[in-house]
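A.B. asks: Mind having a look at this structure? Questions to follow.
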Amino acid sequence: MINQEALRETIVLAARELFSRYGFKKNTMDDISSAIGKAKSSIYYYFKGKEEIFEAVVESEALMLRNKLTYILKEQKENPELQLQAYVLTRMQSIQQLANFYNALKSEYLNHLRFITKVREKYQREEIRTLESILKSGVDKGIFEIADVYTAAIAILTSMQGLETPLFLGNIEPTSVEPRIKSAMQVILYGIIKR
């Protein structure tokens, strides 16, 4: 007998692939059951419907992103400037790869799903707290000069969110994503005024 947790994970992984390829709207429970080679009843044992599967997929991708960012922040913990740069670069590159999570954050179509608002709010609060922590550490170490850490965290987050649309809608070549993010980081960290 197949381990129940393993089968649930198989459903989530298959759905993740289908949702990222064809979108939430176009996929059905039949598509997901075909992808895993099981009857729909097997899926309904674990999930009430497609929305609940999508929620599990989004939570899974959010956890993947959180783990990646936590690892990056620990690697650079002694240098807040490098930590901030690594955070922004890793976040932008990862969010591009996590299509379902990105769609959950941005898609107007998904607004009818109750959990989407909670995901958006929770993730934004986490990001602001993380950025505040990095910035405060930089201020404490004399690396950053910031009068209002909270507002600075919001400004950085807003800048990243503003870059998502051109980066992910294909307006920028994939090979130029990293240099563009680094260039934006230069503006965020050092401004545009000639010194």
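The values are calculated or read from the model by the stated rules, or taken from the named source; none is laboratory data. Because the structure is predicted, anything quoted here is derived from the model rather than measured. Cβ coordinates were reconstructed from backbone atoms using ideal geometry, including for glycine residues, and neighbour counts include every protein chain displayed. Heads up: the accessible areas ignore ligands, DNA and RNA and are worked out on the full protein's heavy atoms, side chains in. Shrake-Rupley method; radii C 1.70, N 1.55, O 1.52, S 1.80 Å.
A.B. asks: How much mean residue ellipticity at 222 nm does the chain get from its helices, if each DSSP H run of length 4 or more adds -39500 (n - 2.57) and you divide by all residues, to the nearest 500 deg cm²/dmol?
C.D. replies: -25000 deg cm²/dmol
A.B. asks: About the Cα centre of segment 1-102, what is the dipole size in debye to 20, counting +1 per Lys and Arg Cβ and -1 per Asp and Glu Cβ, all else neutral? Working shown, then result.
C.D. replies: Values: 14 positive and 13 negative charges, 39 e Å.
In debye, rounded to 20, segment 1-102 gives about 180.
A.B. asks: Accessible area, 1.4 Å probe, largest first: how do Tyr102, Tyr150 sort?
C.D. replies: Tyr150, Tyr102
A.B. asks: Separate question: How big is the dipole moment of the chain about its Cα centre under a simple scheme where the beta carbon of each Lys and Arg is +1, that of each Asp and Glu is -1, and everything else is neutral? Debye, nearest 20, please.
C.D. replies: 160 debye
A.B. asks: On each of the three principal axes of the Cα atoms of the chain, give max minus min coordinate, whole Å, ordered largest first.
C.D. replies: Cα extents, longest axis first: 65, 34, 29 Å.
A.B. asks: Which listed residue (Met160, Gly37, Val187) has the Cα farthest towards the positive end of the charge dipole for the chain, taking +1 on Lys and Arg C-beta and -1 on Asp and Glu C-beta about the Cα centre?
C.D. replies: Farthest along the dipole direction, towards plus: Gly37.
A.B. asks: Kindly point out which whole DSSP H helices in the chain project their C-alpha atoms 15 angstrom or further along the helix axis while averaging a Kyte-Doolittle hydropathy of -0.5 or above.
C.D. replies: Span-like helices here: 4-22, 50-75, 80-97, 149-168, 177-190.
A.B. asks: Just Val119, Val88, Val139 to compare: in a GNM of the chain, with alpha carbon springs under 10 Å, which one fluctuates most?
C.D. replies: Answer for the Gaussian network model of the chain: Val139.
A.B. asks: Right, next: Calculate the FRET efficiency for Glu178 and Ser41 from the Cβ-Cβ distance with a Förster distance of 35 Å, rounded to the nearest 0.05. It would help to have the intermediate numbers written out before the result.
C.D. replies: Values: r = 46 Å, r/R0 = 1.31.
FRET efficiency, Glu178 to Ser41: 0.15.
A.B. asks: Which value, in Å² and to the nearest 10, is the accessible area of Lys40 when all protein chains are kept and the probe is 1.4 Å?
C.D. replies: My reading of the accessible area for Lys40 is about 80 Å².
A.B. asks: So, one more: As a test question: what accessible area, to the nearest 10 Å², does Arg16 have when a 1.4 Å probe is rolled over all protein chains in place?
C.D. replies: Rounded to the nearest 10, that gives 60 Å².
A.B. asks: Let me check I've understood the local charge: for Ala15, count other residues with C-beta under 14 angstrom from its C-beta, Lys and Arg +1, Asp and Glu -1. What total comes out?
C.D. replies: Once positives and negatives cancel, what remains is 0.
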